[in-house]
1. Say R0 is 22 Å: what FRET efficiency, to the nearest 0.05, do ILE3 and GLN48 get from their beta-carbon distance?
2. Please sort 93-105, 75-87 by packing, taking for each peptide the average over its residues of neighbouring beta carbons within 10 angstrom, highest first.
3. For the chain, with every protein chain kept in place, what is the accessible area per residue (1.4 Å probe, Å²)?
4. If I stretch the segment between GLN23 and ARG133 completely, what's the gain in nm (0.36 nm per residue apart, minus their alpha carbon distance), one decimal?
5. Can you tell me how much longer the chain between VAL40 and ALA144 gets when fully stretched, taken as 0.36 nm per residue apart minus their C-alpha distance, in nm with one decimal?
6. Roughly what % of DSSP beta bridges within the chain run antiparallel, to the nearest 5?
7. If you roll a 1.4 Å probe over the range 50-172 with all protein chains in place, what percent of the accessible area is carbon or sulfur?
8. Take every Cα pair under 8 Å in the range 1-139 that's 6+ residues apart, average their separations, divide by the length, and report that relative contact order as a whole percent.
Amino acid sequence: MRIDTPTEADIPDLAHVHVQSWQAAYAGLLDASYLAGLSVEERMLSWQRILAAGESSTWVARDEAGRVQAFLSHGPCRDRGAPPDRAEIWALYAHPDVWGGGAGRRLMDCALQALRAQGMASVSLWVLRGNRRGIRFYEAAGFAEVPGSVQRFELGGRPVEELAMLRFLPAC
């Protein structure tokens, strides 16, 4: 897999990966009808806005044919009271067909290297509490749960909880 940054031409692939990964990763955690109703077309509009806004950095993992198979977006930490040298992983999703194949790990390594080069001292992220696969991945990448960080809200008509995870970055 090749890692680089997305272009407008990648928006359909980004949207497809986003929807497919949500439907697989959150099955059993979110309402099935909500997941079934996720729209690639709506996600394409969202990705057009995300890329145009430039508020985050996005990396993609491409297969041999150049199609996006996974993506990671990071930016400033959005948590109230976070130190200015803390970044946040805003999203990390891979198409279910490539789970376990190293795309997520390569994207995370690339993002962490970029964040260290920017002088970030730590990076946080939020993950659904029941997303065991995701939590194991983040723990393997050096993240640990932030005690007392659980947030409760409704998503797709179902109450959910997410927890914050944090990793400190060594100086370059």
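1. 0.50
2. 93-105, 75-87
3. 53 Å²
4. On the way: separation 110, 0.36 × 110 = 39.60 nm, distance 1.40 nm.
Length gained between GLN23 and ARG133: 38.2 nm.
5. So the extension gain works out to 34.2 nm.
6. Once the DSSP bridges in the chain are tallied, antiparallel ones form about 85 percent.
7. Exposed carbon and sulfur together represent 50 percent of the surface.
8. 26 percent
The values are calculated or read from the model by the stated rules, or taken from the named source; none is laboratory data. Keep in mind that what you see is a predicted model, and the values were worked out from it rather than measured. Positions of Cβ are backbone-derived with ideal geometry, glycine not excepted, and every protein chain shown enters the neighbour counts. Protein only, heavy atoms only, side chains kept; ligands, DNA and RNA dropped before computing areas. Shrake-Rupley method; radii C 1.70, N 1.55, O 1.52, S 1.80 Å.
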